[in-house]
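One structure below.
FYI, it's all coordinate maths here, none of it is from the lab. Keep in mind it's a predicted model, so treat the numbers as computed, not measured. Cβ: placed from backbone, ideal geometry, glycine included. Neighbour counts: every protein chain shown.
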Amino acid sequence: IRFVNDALAETDRRRQQVDLLSTTFDNAQAAIQRTQEAIGRVASRDEITTIFLKIDKNSVLADSSLASDLSAVTKELSYRFGQSWKETTAQVIDAVNAGNGDALEKARIINSSDEAMLRYADSIGKTVPQLTAFERQQALVNAVLSENQRLLSQPDSSVEQQMNANANLSSSWKDLRVAFQEWVTSLIDPSATGAIDYWAQKINDVAAEIN
């Protein structure tokens, strides 16, 4: 009974989180799925949801495609910093939300906040003081993406491959646990449609990771 109650509570919590994320993204589920694929499944769907809830809904990162592209870069940056994808992505999201280029510069994520602002202002025919808060965010995201784009084309080292495999397997197990809870919930709540198919798919995903 306790397991069932816990499963119901966790399923309800996740639904509320996705509903909340839907105030930021037009299609929260699609954004989560696209991002998980972009980062090679090194984070679970639940972890991605939690991190994306940090995004200000009025931020430039409310564009789910941009958030997904940024996530692919922060995955590569996380290797450099010896951090998880969650830690690095949260760091970047916080800085972008606040328009804090100095934080990104100090973290060695971008070379120069001032240069990032100058480049973007020049590209849209403005001076830096004329940039809106949204445009300053865009300048920072552009800098993170452009200055670290090369990381996406570089092959992972053997250490990075092992880190990626470990994180991938861990996230698959977490997704499997979630899917199993949702399957249990679907036995009690017929409105939880699709849980059985999702659970079966996650079993296949975990089996593929083990192989």
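With a Cα-only, solvent-free Debye model of region 104-153, what are the log10 I(q)/I(0) values at q = 0.29, 0.30 Å⁻¹? Listed by q, the Debye log ratios stand at -1.08, -1.13.
Here the Debye sum runs over all C-alpha atoms of region 43-145 as equal scatterers in vacuum, and log10 of I(q)/I(0) at q = 0.14, 0.15, 0.19, 0.21 Å⁻¹ comes out as -0.49, -0.57, -0.89, -1.06. Across the cross-link table entries 57/126; 54/126; 86/126; 54/86, which are compared at the Cα atoms, the separations over 23 Å belong to 57/126; 54/126; 86/126. Here the 3J(HN,Hα) profile of region 47-62, calculated from phi with Karplus coefficients 6.51, -1.76 and 1.60 at θ = phi - 60°, is 5, 5, 4, 4, 5, 5, 5, 6, 6, 5, 5, 9, 7, 4, 6, 5 Hz, Gly and Pro shown as x. What is the diffusion coefficient of region 1-100 in µm²/s, taking the Kirkwood radius over Cα pairs and the Stokes-Einstein relation at 20 °C with a viscosity of 1.002 mPa s? Calculated translational D: 154 µm²/s. The share of Cα pairs per 5 Å bin across region 30-85, counted from zero up to the longest distance, runs 4, 21, 32, 26, 14, 3, 0 percent. In this calculation the C-beta distance from residue 22 to residue 83 is compared with R0 = 30 Å, giving a FRET efficiency of 0.60.
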